[in-house]
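Since every read-out is calculated from the coordinates, none of them should be taken as a lab result. These numbers come from a predicted model, not from an experiment. With ideal geometry, Cβ positions are generated from the backbone for all residues, glycine too; neighbour counts draw on all protein chains shown.
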Amino acid sequence: MIPLIIYLTIGALLFLALLYVVARSSNGERAGNDPLREARQAVQTLESGLLPRELIGRIFAREDFDYVASCGSEEICRTFLRERQRVARSWVGMIEKQIGSLRRFHRVVARQHSGLSMRTEAGLAFDFAALLLACRALRVLLYVRGPLAAPRAVGATVAVATRICEASKQSMAFLNPASIAAMGTGPGGAPVL
Amino acid sequence: MTWRTKRENVERAAEDLRRRTLSEIPRSLDRLIYLASMRDYNTGLYCHDGLAERFSQEAACEALADCHREAFRELLGTPLEELVAQIEAYVRATRTSPFDFITAWKKLEPYRVAVPVQTDSLSSEFLFSNFKVALAILEARLRPGQPAAAA
């Protein structure tokens, strides 16, 4: 009886391990399709929605606070700072999300398919780490000192994010049609790109 | 019609709209509201009979959408002080009681439906947040005994 139980347990464990391997490989296949599309979308979102100087300048504008302060109401000042902090934190969160997509892209696709040199890849890895660290530091700064206290940290975050965008675009440009076809095609045989 | 010809037609229509209509509306807030009102909320398409007659339905629709995005961007870049002044001027133009206006705008937030389609969420969030603060400033001005905010 005991050997039978042992065999059944081993069989069940092997079956679960097989299920795990199958699930992981199908996830991997999906990831092979999505990161490229996600990365293109991330670059577009970053360039058009999150990094334009005018918008960043407006969100962290000191002149707006000076105007609100001149109104002489503490309640309005508090409302203003709370609102700006909310928008600023939302901005940091969106940057982190898009940079996460680009990092996935570089992990899954670019290393295998692009013609980037090791040096560029290393620089990019450093930039990713620096940016995610900067985002976390910025979150803390925004929380502790308010939305108007970190213009340099904001500037640095924008600069690194812009660099990552440029490098990602470069990686995407290196992808040749054969590697794109290998990664999968969209409906009607159209390339995913 | 090629894409280039279509685009040229849209640009001509937009120029016509700017010259004939939008030049008469000096404030970007008023332009934003006017252009949003040209949009059918069921389809998301813009309608302007005069413009469609001179150009085409499609060109008129795209020209209105272009100008709407332009007005939105302009308002987004407007400092808070200027936004307060624009809302104040808009209240005067509508001849509504300022108190009723502020109450309705705080409650209904009609500016939320005035943003162009495909506006990124951060930009709209930022504009809505500015509206919220601007309305608070205007409301404070109406309360007796409040310090007079820069008028």
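List of remarks:
- Treating each Cα of the protein assembly as shown as one equal point scatterer and applying the Debye formula with no solvent, the log10 of I(q)/I(0) at q = 0.11 Å⁻¹ comes out as -0.92.
- Ranked by how many other Cβ atoms sit within 10 Å of their own Cβ, fewest first, the residues B:ASP30, B:ASP40, B:ASP120 fall in the order B:ASP40, B:ASP120, B:ASP30.
- Signed unit charges on C-beta, dipole axis of chain B, positive-most listed residue B:SER97, B:ALA59, B:VAL113: B:SER97
- Under the convention that each Lys and Arg Cβ holds +1 and each Asp and Glu Cβ holds -1, the size of the dipole of segment B:1-58 around its Cα centre is about 220 debye.
- Note on A:SER73, A:SER90, A:SER168: ascending count of other Cβ atoms within 10 Å places them as A:SER90, A:SER73, A:SER168, the fewest first.
- In summary, the convex hull built on the alpha carbon positions of segment B:27-141 has an orientation-averaged projected area of 7.4 nm².
- Within chain B, the whole DSSP H helices whose Cα atoms reach 30 Å or more along their own axis and whose mean Kyte-Doolittle score is at least -1.0 are B:121-142.
- For segment B:80-142, the Cβ-based charge dipole about the Cα centre amounts to some 260 debye (Lys, Arg positive; Asp, Glu negative; other atoms uncharged).
- Environment charge at A:TRP91 (Cβ cut-off 12 Å; Lys +1, Arg +1, Asp -1, Glu -1): +3
- Neighbour net charge for A:ALA137 - beta-carbon separation under 14 angstrom, K R +1, D E -1: +4
- Computed over all pairs of different Cα atoms, the Kirkwood value for the hydrodynamic radius of segment A:36-176 is 16.1 Å.
- Derived value for segment B:80-142: Kirkwood hydrodynamic radius 12.2 Å. Basis is the mean of 1/r over every pair of different alpha-carbon atoms.
- Using only side-chain charges placed at the Cβ, +1 for Lys and Arg and -1 for Asp and Glu, the dipole size of the protein assembly as shown relative to its Cα centre rounds to 920 debye.
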